[in-house]
Amino acid sequence: MNSTAIISLQELANLVNKSKVTVWRWWAKDKILPEPIIINGRCLGWKSTVIEKWLDKNSKGEL
């Protein structure tokens, strides 16, 4: 992935094979996702490098 790429909520949901609601809950309620970038005050996105590190760290357990 490009180091400056932003992964959207939908893209992250597809990447981990979960629903957008589940991914949102991981961030907002469970606090297991890194802080996203808020785009236009409404949309969530994550730097691809941050998500790659998070996936590497959490790949041993079940997401």
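The values are calculated or read from the model by the stated rules, or taken from the named source; none is laboratory data. Note that the structure is a prediction, hence the values are computed from the model and not measured. Every residue, glycine among them, receives a Cβ derived from its backbone with ideal geometry; neighbour counts consider all protein chains shown.
Looking only at residues in the range 23-36 that are loosely packed, with under 14 Cβ neighbours inside 10 Å and either in contact (Cβ under 8 Å) with a residue 40 or more places away in the chain or over 10 Å from the mean Cα position of the chain (by Cα) (or both), which one is nearest to Ser8 (Cα to Cα)?
Applying the filter and picking the extreme gives Ala28.
Take the range 1-52 and flag every residue that is of a type in the set (Asp, Glu) and either at pLDDT below 95 or not in a helix (DSSP H, G or I) (or both). Before you say what the answer is, go through the steps one by one.
So the first thing to find is which residues in the range 1-52 are of a type in the set (Asp, Glu), and the list is 11, 30, 35, 52.
Passing the criteria: Asp30, Glu35, Glu52.
How many of the residues in the range 1-22 are without any contact (Cβ under 8 Å) to a residue 12 or more places away in the chain and of a type in the set (Lys, Arg)?
Matching residues across the range 1-22 total 1.
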